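*Asks:* Just passing along the structure, written as C-alpha coordinates.
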Amino acid sequence: MEYIDLHTHSTCSDGSLTPTELVKEARLAGLAAIALTDHDTMAGIAEALSAGQKTGLEVISGVEASASHQGRPVHILGYGLDQSDRDLTLLLAELQRIRRDRNDRIIEKLAGQGLIINREELAATASGLIGRPHIARILVRQRAVFSIDHAFRKYLGKTGRTYVESARFPAEDVIRTITGAGGLAVLAHPATFAASPEQIATLVRDLKARGLGGIEAYYPGHPTNLCKQLLDLAGKLDLAVTGGSDFHGSVKPGIHIGGAPVMPPVPYRFLENLRERLAGRH
Ligand code: AMP
Ligand code: ZN
Ligand code: FE
Ligand code: FE
(Lines give C-alpha, C1' and ligand atoms only; values in the text may rest on other atoms or scores of the structure.)
(Ligands and ions follow the chains in the order given, each with its own letter.)
Protein backbone atom coordinates (compact mmCIF):
# COMPACT_ATOMS: atom_id res chain seq x y z
CA MET A 1 0.00 0.00 0.00
CA GLU A 2 1.21 3.51 -0.78
CA TYR A 3 0.83 6.40 1.62
CA ILE A 4 0.67 10.19 1.39
CA ASP A 5 0.87 13.35 3.51
CA LEU A 6 -1.33 16.21 2.36
CA HIS A 7 -0.43 18.79 5.02
CA THR A 8 3.18 20.01 5.36
CA HIS A 9 5.04 23.29 5.92
CA SER A 10 8.41 24.51 4.64
CA THR A 11 10.74 27.44 5.29
CA CYS A 12 8.48 29.47 3.00
CA SER A 13 6.21 29.73 6.05
CA ASP A 14 7.08 28.41 9.49
CA GLY A 15 8.57 24.98 8.79
CA SER A 16 12.27 24.27 9.30
CA LEU A 17 13.00 22.39 6.02
CA THR A 18 13.22 23.97 2.58
CA PRO A 19 10.75 22.60 0.01
CA THR A 20 13.59 20.51 -1.49
CA GLU A 21 14.57 19.09 1.92
CA LEU A 22 10.91 18.37 2.65
CA VAL A 23 10.57 16.32 -0.54
CA LYS A 24 13.73 14.37 0.38
CA GLU A 25 12.37 13.75 3.89
CA ALA A 26 9.14 12.39 2.37
CA ARG A 27 11.12 10.06 0.09
CA LEU A 28 13.15 8.81 3.06
CA ALA A 29 9.90 8.13 4.93
CA GLY A 30 8.74 6.04 1.96
CA LEU A 31 5.78 8.23 1.04
CA ALA A 32 4.33 8.23 -2.49
CA ALA A 33 3.06 11.82 -2.50
CA ILE A 34 2.93 14.98 -0.44
CA ALA A 35 1.19 18.33 -0.67
CA LEU A 36 3.05 21.46 0.39
CA THR A 37 0.55 23.59 2.31
CA ASP A 38 2.42 26.59 3.68
CA HIS A 39 0.48 29.18 5.67
CA ASP A 40 -0.86 31.97 3.43
CA THR A 41 1.79 31.58 0.70
CA MET A 42 2.50 29.43 -2.34
CA ALA A 43 6.07 30.69 -2.70
CA GLY A 44 7.53 27.19 -2.18
CA ILE A 45 5.37 25.33 -4.69
CA ALA A 46 7.61 25.71 -7.77
CA GLU A 47 10.65 24.43 -5.85
CA ALA A 48 8.67 21.53 -4.32
CA LEU A 49 7.28 20.48 -7.73
CA SER A 50 10.73 20.54 -9.29
CA ALA A 51 12.29 18.62 -6.37
CA GLY A 52 9.45 16.10 -6.70
CA GLN A 53 10.17 15.56 -10.39
CA LYS A 54 13.87 15.07 -9.69
CA THR A 55 13.36 12.55 -6.90
CA GLY A 56 10.29 10.76 -8.25
CA LEU A 57 7.92 11.89 -5.50
CA GLU A 58 4.48 13.12 -6.46
CA VAL A 59 3.96 16.70 -5.21
CA ILE A 60 0.58 18.43 -5.08
CA SER A 61 0.34 22.19 -4.87
CA GLY A 62 -1.44 23.52 -1.85
CA VAL A 63 -1.85 26.29 0.69
CA GLU A 64 -3.26 26.64 4.23
CA ALA A 65 -5.20 29.88 4.46
CA SER A 66 -6.14 31.51 7.76
CA ALA A 67 -9.81 32.42 8.06
CA SER A 68 -12.59 32.74 10.59
CA HIS A 69 -16.06 31.32 11.05
CA GLN A 70 -18.53 32.63 13.62
CA GLY A 71 -15.76 34.69 15.20
CA ARG A 72 -13.38 31.76 15.62
CA PRO A 73 -10.25 30.90 13.67
CA VAL A 74 -10.36 28.15 11.05
CA HIS A 75 -7.70 26.98 8.62
CA ILE A 76 -8.77 26.21 5.07
CA LEU A 77 -6.51 24.04 2.93
CA GLY A 78 -6.57 24.61 -0.83
CA TYR A 79 -5.37 21.98 -3.31
CA GLY A 80 -4.76 22.07 -7.05
CA LEU A 81 -4.87 25.85 -7.33
CA ASP A 82 -4.07 28.00 -10.32
CA GLN A 83 -1.36 30.20 -8.82
CA SER A 84 -1.83 32.88 -11.45
CA ASP A 85 -5.48 33.43 -10.44
CA ARG A 86 -5.94 37.12 -9.66
CA ASP A 87 -8.29 36.82 -6.69
CA LEU A 88 -6.09 34.15 -5.12
CA THR A 89 -3.01 36.35 -5.54
CA LEU A 90 -4.86 39.26 -3.93
CA LEU A 91 -6.09 37.10 -1.05
CA LEU A 92 -2.61 35.75 -0.28
CA ALA A 93 -1.11 39.27 -0.44
CA GLU A 94 -3.77 40.51 1.98
CA LEU A 95 -3.23 37.57 4.36
CA GLN A 96 0.50 38.35 4.34
CA ARG A 97 -0.16 42.03 5.10
CA ILE A 98 -2.41 41.05 8.02
CA ARG A 99 0.43 38.88 9.37
CA ARG A 100 2.96 41.71 9.16
CA ASP A 101 0.61 44.03 11.10
CA ARG A 102 0.02 41.37 13.70
CA ASN A 103 3.74 40.64 14.10
CA ASP A 104 4.34 44.37 14.68
CA ARG A 105 1.74 44.41 17.43
CA ILE A 106 3.19 41.27 19.06
CA ILE A 107 6.67 42.85 19.01
CA GLU A 108 5.26 46.00 20.67
CA LYS A 109 3.61 43.93 23.39
CA LEU A 110 6.81 41.94 23.97
CA ALA A 111 8.72 45.23 24.34
CA GLY A 112 6.19 46.13 27.05
CA GLN A 113 7.38 42.97 28.84
CA GLY A 114 11.00 44.06 28.47
CA LEU A 115 11.69 41.65 25.59
CA ILE A 116 13.21 43.38 22.60
CA ILE A 117 12.89 41.61 19.25
CA ASN A 118 15.38 42.93 16.73
CA ARG A 119 13.57 43.20 13.39
CA GLU A 120 16.64 42.38 11.30
CA GLU A 121 17.25 39.29 13.40
CA LEU A 122 13.59 38.29 12.99
CA ALA A 123 13.76 38.75 9.22
CA ALA A 124 16.96 36.68 9.12
CA THR A 125 15.21 33.82 10.98
CA ALA A 126 12.72 33.43 8.14
CA SER A 127 13.26 32.82 4.46
CA GLY A 128 9.60 33.44 3.65
CA LEU A 129 6.61 34.56 5.58
CA ILE A 130 7.08 35.36 9.29
CA GLY A 131 4.80 33.82 11.92
CA ARG A 132 4.75 33.37 15.66
CA PRO A 133 7.13 30.36 15.54
CA HIS A 134 9.87 32.69 14.24
CA ILE A 135 9.32 35.08 17.14
CA ALA A 136 9.32 32.04 19.45
CA ARG A 137 12.72 30.96 18.11
CA ILE A 138 14.20 34.36 18.98
CA LEU A 139 12.72 34.21 22.48
CA VAL A 140 14.42 30.81 22.92
CA ARG A 141 17.70 32.28 21.65
CA GLN A 142 17.36 35.12 24.16
CA ARG A 143 16.82 32.56 26.96
CA ALA A 144 13.52 34.28 27.73
CA VAL A 145 11.87 30.84 27.46
CA PHE A 146 13.01 27.20 27.48
CA SER A 147 11.45 26.10 24.20
CA ILE A 148 9.20 27.13 21.32
CA ASP A 149 6.33 25.45 23.12
CA HIS A 150 7.12 27.42 26.29
CA ALA A 151 7.16 30.65 24.22
CA PHE A 152 3.62 29.86 23.04
CA ARG A 153 2.43 29.04 26.54
CA LYS A 154 3.97 32.06 28.24
CA TYR A 155 3.73 34.77 25.58
CA LEU A 156 2.45 34.01 22.08
CA GLY A 157 -0.41 31.55 22.48
CA LYS A 158 -4.07 32.35 23.05
CA THR A 159 -3.66 32.64 26.83
CA GLY A 160 -0.14 34.11 26.67
CA ARG A 161 0.87 37.57 27.93
CA THR A 162 1.46 39.08 24.50
CA TYR A 163 -1.25 37.33 22.47
CA VAL A 164 -2.65 39.33 19.59
CA GLU A 165 -5.80 38.21 17.80
CA SER A 166 -5.36 38.18 14.04
CA ALA A 167 -7.68 40.00 11.64
CA ARG A 168 -9.28 37.35 9.45
CA PHE A 169 -11.37 36.82 6.35
CA PRO A 170 -14.62 34.87 6.64
CA ALA A 171 -14.11 31.21 5.72
CA GLU A 172 -16.76 31.48 3.01
CA ASP A 173 -14.73 34.17 1.20
CA VAL A 174 -11.58 32.06 1.42
CA ILE A 175 -13.45 28.96 0.18
CA ARG A 176 -14.92 30.94 -2.72
CA THR A 177 -11.49 32.23 -3.74
CA ILE A 178 -9.89 28.78 -3.57
CA THR A 179 -12.73 27.27 -5.60
CA GLY A 180 -12.59 30.17 -8.06
CA ALA A 181 -8.90 29.43 -8.61
CA GLY A 182 -9.83 25.89 -9.71
CA GLY A 183 -8.94 24.37 -6.35
CA LEU A 184 -10.63 22.21 -3.77
CA ALA A 185 -11.19 23.80 -0.34
CA VAL A 186 -10.71 21.45 2.62
CA LEU A 187 -11.34 22.13 6.31
CA ALA A 188 -8.03 21.59 8.16
CA HIS A 189 -7.87 19.84 11.56
CA PRO A 190 -11.63 20.21 12.31
CA ALA A 191 -11.12 19.29 15.98
CA THR A 192 -9.19 22.51 16.68
CA PHE A 193 -12.35 24.50 15.89
CA ALA A 194 -14.97 22.47 17.69
CA ALA A 195 -14.72 20.10 20.61
CA SER A 196 -17.64 17.73 20.09
CA PRO A 197 -18.38 15.60 17.01
CA GLU A 198 -21.82 17.29 16.83
CA GLN A 199 -20.24 20.77 16.69
CA ILE A 200 -17.81 19.58 14.04
CA ALA A 201 -20.68 18.15 11.98
CA THR A 202 -22.56 21.47 12.21
CA LEU A 203 -19.45 23.40 11.15
CA VAL A 204 -18.80 21.06 8.23
CA ARG A 205 -22.43 21.26 7.03
CA ASP A 206 -22.30 25.07 7.29
CA LEU A 207 -19.10 25.28 5.29
CA LYS A 208 -20.23 22.69 2.75
CA ALA A 209 -23.20 24.97 2.01
CA ARG A 210 -20.57 27.66 1.30
CA GLY A 211 -18.54 25.54 -1.12
CA LEU A 212 -16.31 23.40 1.09
CA GLY A 213 -15.06 20.37 -0.87
CA GLY A 214 -13.44 18.19 1.76
CA ILE A 215 -12.36 17.56 5.34
CA GLU A 216 -9.04 16.57 6.91
CA ALA A 217 -10.01 13.36 8.67
CA TYR A 218 -6.51 12.09 9.42
CA TYR A 219 -4.57 14.44 11.68
CA PRO A 220 -2.13 13.89 14.57
CA GLY A 221 -4.04 13.50 17.78
CA HIS A 222 -7.42 12.80 16.16
CA PRO A 223 -8.72 9.87 18.20
CA THR A 224 -9.55 6.81 16.08
CA ASN A 225 -13.29 7.26 16.66
CA LEU A 226 -13.14 10.93 15.54
CA CYS A 227 -11.28 9.95 12.39
CA LYS A 228 -13.96 7.36 11.69
CA GLN A 229 -16.75 9.87 12.37
CA LEU A 230 -15.14 12.32 9.96
CA LEU A 231 -14.85 9.60 7.30
CA ASP A 232 -18.56 8.81 7.76
CA LEU A 233 -19.50 12.48 7.64
CA ALA A 234 -17.49 12.97 4.43
CA GLY A 235 -19.26 9.97 2.92
CA LYS A 236 -22.70 11.29 3.89
CA LEU A 237 -22.03 14.79 2.56
CA ASP A 238 -20.07 13.65 -0.50
CA LEU A 239 -16.94 15.49 0.61
CA ALA A 240 -13.35 14.55 -0.16
CA VAL A 241 -11.28 13.06 2.65
CA THR A 242 -7.72 14.22 3.22
CA GLY A 243 -5.10 13.68 5.86
CA GLY A 244 -1.78 15.10 6.83
CA SER A 245 0.75 15.39 9.62
CA ASP A 246 1.08 19.21 9.66
CA PHE A 247 4.82 18.55 9.55
CA HIS A 248 6.91 21.61 10.52
CA GLY A 249 10.34 19.97 11.02
CA SER A 250 12.11 21.01 14.22
CA VAL A 251 9.39 23.60 14.97
CA LYS A 252 7.11 20.72 16.04
CA PRO A 253 9.62 18.15 17.28
CA GLY A 254 7.13 15.30 17.91
CA ILE A 255 5.64 15.30 14.42
CA HIS A 256 7.24 13.29 11.62
CA ILE A 257 6.38 13.50 7.95
CA GLY A 258 3.67 10.94 7.17
CA GLY A 259 2.39 11.29 10.74
CA ALA A 260 3.58 8.04 12.34
CA PRO A 261 3.26 7.17 15.16
CA VAL A 262 0.65 9.76 16.18
CA MET A 263 -1.54 9.40 13.08
CA PRO A 264 -2.48 6.36 10.99
CA PRO A 265 -0.89 6.37 7.51
CA VAL A 266 -3.04 8.09 4.87
CA PRO A 267 -3.82 5.75 1.94
CA TYR A 268 -2.99 6.93 -1.59
CA ARG A 269 -6.57 6.43 -2.76
CA PHE A 270 -7.61 9.68 -1.04
CA LEU A 271 -5.31 11.56 -3.39
CA GLU A 272 -6.81 9.76 -6.40
CA ASN A 273 -10.26 10.82 -5.23
CA LEU A 274 -9.05 14.42 -4.74
CA ARG A 275 -7.68 14.44 -8.27
CA GLU A 276 -10.97 13.10 -9.68
CA ARG A 277 -12.87 15.86 -7.92
CA LEU A 278 -10.45 18.50 -9.18
CA ALA A 279 -10.66 17.13 -12.73
CA GLY A 280 -14.46 17.29 -12.50
CA ARG A 281 -14.20 21.04 -12.04
CA HIS A 282 -12.49 21.86 -15.31
P1 AMP B 1 0.71 32.08 13.33
O2 AMP B 1 0.61 31.48 11.96
O3 AMP B 1 1.70 33.20 13.41
O4 AMP B 1 -0.61 32.39 13.94
O5 AMP B 1 1.32 30.92 14.23
C6 AMP B 1 0.60 29.70 14.30
C7 AMP B 1 1.52 28.55 14.03
O8 AMP B 1 2.37 28.41 15.14
C9 AMP B 1 0.81 27.22 13.90
O10 AMP B 1 0.43 26.95 12.61
C11 AMP B 1 1.87 26.26 14.32
O12 AMP B 1 2.70 26.02 13.22
C13 AMP B 1 2.68 27.04 15.30
N14 AMP B 1 2.42 26.70 16.69
C15 AMP B 1 1.34 26.94 17.45
N16 AMP B 1 1.51 26.49 18.70
C17 AMP B 1 2.73 25.94 18.73
C18 AMP B 1 3.52 25.30 19.74
N19 AMP B 1 3.06 25.15 20.98
N20 AMP B 1 4.73 24.84 19.39
C21 AMP B 1 5.20 25.01 18.14
N22 AMP B 1 4.52 25.61 17.15
C23 AMP B 1 3.31 26.07 17.44
ZN1 ZN C 1 2.56 26.53 11.02
FE1 FE D 1 -3.39 24.79 10.69
FE1 FE E 1 -0.58 23.55 9.13
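*Asks:* Can you name the condition, by its number, that Leu36 falls short on among (1) closer than 25 Å to Ala279 by Cα; (2) modelled with pLDDT of 95 or more; (3) more than 16 Å from ligand 1 (Cβ to nearest atom); (4) not β-branched (Val, Ile, Thr)?
*Replies:* Just one mismatch for Leu36, condition (3).
*Asks:* Just name the residue that is surrounded by the fewest Cβ atoms within 10 Å (Cβ to Cβ) out of those in the stretch 236-251 that are within 16 Å of ligand 2 (Cβ to nearest atom) and either over 17 Å from Leu77 (Cβ atoms) or of a type in the set (Gly, Ala, Ser) (or both).
*Replies:* Of everything passing the filter in the stretch 236-251, Ser250 is surrounded by the fewest Cβ atoms within 10 Å (Cβ to Cβ).
*Asks:* Quick one: Arg141 ticks every box in (1) under 27 Å from Leu92 (Cβ atoms); (2) in contact with an Asp or Glu (Cβ under 9 Å, 6 or more places away or on another chain); (3) of a type outside the set (A, V, I, L, M) bar one, so which box is it?
*Replies:* Tallying (1) under 27 Å from Leu92 (Cβ atoms); (2) in contact with an Asp or Glu (Cβ under 9 Å, 6 or more places away or on another chain); (3) of a type outside the set (A, V, I, L, M), Arg141 fails exactly one: (1).
*Asks:* Looking at the structure I just gave you, is Pro73 surrounded by fewer than 17 Cβ atoms within 10 Å (Cβ to Cβ) and either at pLDDT below 95 or within 16 Å of ligand 2 (Cβ to nearest atom) (or both)?
*Replies:* Spelling it out, Pro73 is indeed surrounded by fewer than 17 Cβ atoms within 10 Å (Cβ to Cβ) and either at pLDDT below 95 or within 16 Å of ligand 2 (Cβ to nearest atom) (or both).
*Asks:* Gly183 - would you say it is farther than 21 Å from Gly71 by Cα, surrounded by 20 or more Cβ atoms within 10 Å (Cβ to Cβ) and either more than 16 Å from ligand 3 (Cβ to nearest atom) or without any contact (Cβ under 8 Å) to a residue 60 or more places away in the chain (or both)? Full working, then the answer.
*Replies:* Values: farther than 21 Å from Gly71 by Cα: yes; surrounded by 20 or more Cβ atoms within 10 Å (Cβ to Cβ): yes; either more than 16 Å from ligand 3 (Cβ to nearest atom) or without any contact (Cβ under 8 Å) to a residue 60 or more places away in the chain (or both): yes.
Spelling it out, Gly183 is indeed farther than 21 Å from Gly71 by Cα, surrounded by 20 or more Cβ atoms within 10 Å (Cβ to Cβ) and either more than 16 Å from ligand 3 (Cβ to nearest atom) or without any contact (Cβ under 8 Å) to a residue 60 or more places away in the chain (or both).
*Asks:* Additional query: Going residue by residue through the stretch 77-94, is there one that turns out to be within 14 Å of ligand 1 (Cβ to nearest atom), over 15 Å from Gly131 (Cα atoms), in contact (Cβ under 8 Å) with a residue 60 or more places away in the chain and surrounded by 12 or more Cβ atoms within 10 Å (Cβ to Cβ)?
*Replies:* Within the stretch 77-94 (the criterion being within 14 Å of ligand 1 (Cβ to nearest atom), over 15 Å from Gly131 (Cα atoms), in contact (Cβ under 8 Å) with a residue 60 or more places away in the chain and surrounded by 12 or more Cβ atoms within 10 Å (Cβ to Cβ)), the answer is yes, since at least one residue qualifies.
*Asks:* Need a quick list: helices (runs of 4 or more DSSP H) entirely within the stretch 194-282 having at least 2 residues that are modelled with pLDDT under 95 and among the hydroxyl-bearing types (Ser, Thr, Tyr).
*Replies:* Helices (runs of 4 or more DSSP H) meeting the threshold: none at all.
*Asks:* With the condition kept exactly as written, say whether any residue in the stretch 13-29 is among the polar types (S, T, N, Q), assigned to a loop (DSSP other than H, G, I, E, B), touching a residue at least 12 places away in the same chain (Cβ under 8 Å) and out of contact with any His (no Cβ under 9 Å at 6 or more places or on another chain).
*Replies:* yes
*Asks:* Could you say whether any residue in the stretch 35-48 is more than 16 Å from ligand 4 (Cβ to nearest atom) and not in a loop (DSSP other than H, G, I, E, B)?
*Replies:* Yes.
*Asks:* Would you mention how many residues in the stretch 61-115 are more than 19 Å from Gly44 (Cα to Cα) and either touching a His at 6+ places or on another chain (Cβ under 6 Å) or in a strand (DSSP E or B) (or both)?
*Replies:* 6
*Asks:* Among the residues of the stretch 116-136 satisfying the criterion of being of a type in the set (Val, Ile, Thr) and within 25 Å of Met42 (Cβ to Cβ), which is surrounded by the fewest Cβ atoms within 10 Å (Cβ to Cβ)?
*Replies:* Among those that are of a type in the set (Val, Ile, Thr) and within 25 Å of Met42 (Cβ to Cβ), it is Thr125.
*Asks:* What single numbered condition from (1) more than 16 Å from ligand 3 (Cβ to nearest atom); (2) modelled with pLDDT of 95 or more; (3) of a type outside the set (Phe, Trp, Tyr) fails to hold for Glu120?
*Replies:* With respect to (1) more than 16 Å from ligand 3 (Cβ to nearest atom); (2) modelled with pLDDT of 95 or more; (3) of a type outside the set (Phe, Trp, Tyr), Glu120 is out only on (2).
*Asks:* State all residues of the stretch 186-207 that are aliphatic (A, V, I, L, M) and crowded, with 20+ Cβ neighbours inside 10 Å; if no residue qualifies, say none.
*Replies:* Val186, Leu187, Ala188, Ile200, Leu203, Val204, Leu207 - these are the residues of the stretch 186-207 that are aliphatic (A, V, I, L, M) and crowded, with 20+ Cβ neighbours inside 10 Å.
The values are calculated or read from the model by the stated rules, or taken from the named source; none is laboratory data. For clarity, every value in this text was computed on a predicted model and none was experimentally measured. Counting neighbours? That spans all protein chains shown, and the Cβs are built from the backbone with ideal geometry, glycine included.
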